[in-house]
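Inspection log for the structure reproduced underneath, given as structure tokens.
What follows draws every value from the coordinates through simple rules; no lab data is involved. This is a predicted model, so every value here is computed, not measured. Neighbour counts run over all protein chains shown; Cβ positions are idealised from the backbone, glycine included.
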Amino acid sequence: MLALAWAVLGGCAETQFIAHTAKRVGKAYEAPTAAPTYKIGNPYQIESTWYYPAVDYGYDETGIASWYGPKFDGGRTANGEIFDMNALSAAHRTLPLPSVVRVTNLENGRSMVLRVNDRGPFARGRIIDVSRRAAQLLGFHRNGTARVRVQIMANESRVLRARLKGEATLAKIGTPIIVARLPSPTVSSAALPPPPGASAAPVPASSSAAGQGVDGGPADVVDGMVPELAASDPPGLGVVSVVPVRPTRVFVQAGAFAQFDNANRVRARLANLGPVKVTSVLVNGRDLFRVRAGPLASVTDADRILRWVIDAGYPDARIIVD
């Protein structure tokens, strides 16, 4: 009876061990997933600033990037996906979700493609938040921030949008054309005998079929056409390249004005912050006068000056990398 009791207890322990192991392994393989959706979204307000999401295939901006990770890992992104801090993704305040962007670290030249699938950053003075893994590959994980250039990849973003909205994409290199999906026509065929005095030519074994390459594999490019992008895998994702960079400077821009007198009055109001200058720039054929404080020694200094400028009555002030 004692031996039987030990056997029963041993069996219970083994059963509990197996159940615990199965539960642990099951959880490891049951990571939360969600199907991506295409979303632009409505205007929204953070503190005193309004943001207006919109399609902008010409987006190209320099500024300060930051990263986010453990606190948000496993949570939902703004378009319903699951955030993975070890994946290559990013958050942007206004670009459509998802979009494809190229982020270049202007301090070390590292550049890579990322998929924007979340809203943010919500800290003033930042233009993009990247996942922890992206920050590691771009080389600013330890510093926390970096001077970056963010450029939308227009063609890839268009194709991604079409894929998620269930549209067919005719993507000729450099000029994507999106059309509504058409139903497949019904086609009937019949073998016809050769005309008198002729014979049927044999079909070579290596002959290409529709949708195949010359070796029988899938046709990647046919007559200048490119295949559709996978919804979660834009071209170049995860590939880090190094590009030449030049020295940059950091400013806080209070605003840009059409009249010099208005810009000069703002400069006078902010003169106690340090060196504040009015500079002109040609935008869309007209002169604008920018009021900028700087150059500033660090992102920390820029954050401090930005807060002072906002509190002085200029809520649209922002950090500029030039």
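Some points to look at:
- DSSP-loop chymotrypsin sites (Phe, Trp or Tyr not before Pro) across region 230-299, with at most 10 other Cβ within 10 angstrom: none
- Nitroxide proxy distance, nm - points 7 Å out along Cα→Cβ at Thr300 and Ala268: 3.5
- Between Lys39 and Thr279, the FRET efficiency estimated from the beta carbon spacing at R0 = 41 angstrom works out to 0.65.
- Electrostatic tally near Val55: other residues with Cβ closer than 10 Å to its Cβ, Lys and Arg +1, Asp and Glu -1, net +1.
- Convex hull volume of region 250-321 per residue (C-alpha atoms, cubic angstrom): 76
- Relative contact order for region 250-321, counting Cα pairs under 8 Å that sit 6 or more residues apart, in percent: 45
- Placing a pseudo-label 7 Å from each Cα along the Cα-to-Cβ vector at Ala258 and Val245 gives an inter-label distance of 3.8 nm.
- Using C-alpha pairs below 8 Å separated by at least 6 residues, the relative contact order for region 22-165 is 30 percent.
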